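One structure is given below, encoded as structure tokens.
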Amino acid sequence: MNLIEDRVQQLLDSIGSSVVQSSLVVFFYRNPGAFDTTEGLARWVGINKYEVEPALEELNKTGIVKKMGNDLFTIYTYSPEESVLEIMDELVAQLTAMPAYSKEVDNGQRG
């Protein structure tokens, strides 16, 4: 494996098992100008805000999203670090091909 494949695999290992994180990554990838609160993003992806909040914190740590604001008012935006930006196409392609990622999730509906 080369460096890019290693980085994709590393992110897949951390994100791929989480439907919530996968949904958020795909949402931000498809809507690169999006920014919103935890509650707003939860509505966009159709997942409970209490599940979305820790997922956003993890994605902030991985360098995919950026957290702005403070404890009273926090906004998340798609702002991948340069090392992550160059692999987003491959990461999203692999995430959406995983069995845990279904068309229901893709449509922002969770049953």
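Within region 47-68, track down each residue that is out of contact with any strand residue (DSSP E or B) (no Cβ under 7 Å at 6 or more places or on another chain), surrounded by 16 or more Cβ atoms within 10 Å (Cβ to Cβ) and not polar (S, T, N, Q).
First pass over region 47-68, keeping only residues out of contact with any strand residue (DSSP E or B) (no Cβ under 7 Å at 6 or more places or on another chain): 47-55, 57-58, 61-64.
Filter once more, keeping what is surrounded by 16 or more Cβ atoms within 10 Å (Cβ to Cβ): 47, 51-53, 55, 58, 62, 64.
Across region 47-68, the qualifying residues are ILE47, GLU51, VAL52, GLU53, ALA55, GLU58, ILE64.
Search region 45-57 for residues that are without any contact (Cβ under 8 Å) to a residue 60 or more places away in the chain and pair each with any residue that is of a type in the set (Asp, Glu) and surrounded by fewer than 16 Cβ atoms within 10 Å (Cβ to Cβ) when their beta-carbon atoms are under 7 Å apart and the residues are at least 6 apart or on different chains.
Partner pairs satisfying both residue conditions: LYS49/GLU39.
Collect the residues in region 21-51 that are of a type outside the set (S, T, N, Q) and over 18 Å from PRO80 (Cα atoms), keeping them in residue-number order. Outline the logic, then answer.
Step one: filter region 21-51 for residues of a type outside the set (S, T, N, Q), giving 24-30, 32-36, 39-47, 49-51.
Scanning region 21-51 gives GLU39, GLY40, ALA42, ARG43, TRP44, VAL45, GLY46, ILE47, LYS49, TYR50, GLU51.
Could you say whether any residue in region 69-77 is surrounded by 13 or more Cβ atoms within 10 Å (Cβ to Cβ) and assigned to a helix (DSSP H, G or I)? First the steps, then the outcome.
If we filter region 69-77 for residues that are surrounded by 13 or more Cβ atoms within 10 Å (Cβ to Cβ), which is where we start, we get 74-77.
Then drop every residue that is not assigned to a helix (DSSP H, G or I), which leaves none.
For region 69-77, residues surrounded by 13 or more Cβ atoms within 10 Å (Cβ to Cβ) and assigned to a helix (DSSP H, G or I): absent.
Working carefully through the options SER79, SER17, find the one that is farther than 22 Å from ALA97 by Cα and either at pLDDT 95 or above or not acidic (Asp, Glu) (or both). Give the steps one after another, and end with the answer.
On the way: SER17 fails: farther than 22 Å from ALA97 by Cα.
Only one candidate qualifies: SER79.
The values are calculated or read from the model by the stated rules, or taken from the named source; none is laboratory data. Everything quoted here is computed from the prediction, not taken from an experiment. Positions of Cβ are backbone-derived with ideal geometry, glycine not excepted, and every protein chain shown enters the neighbour counts.
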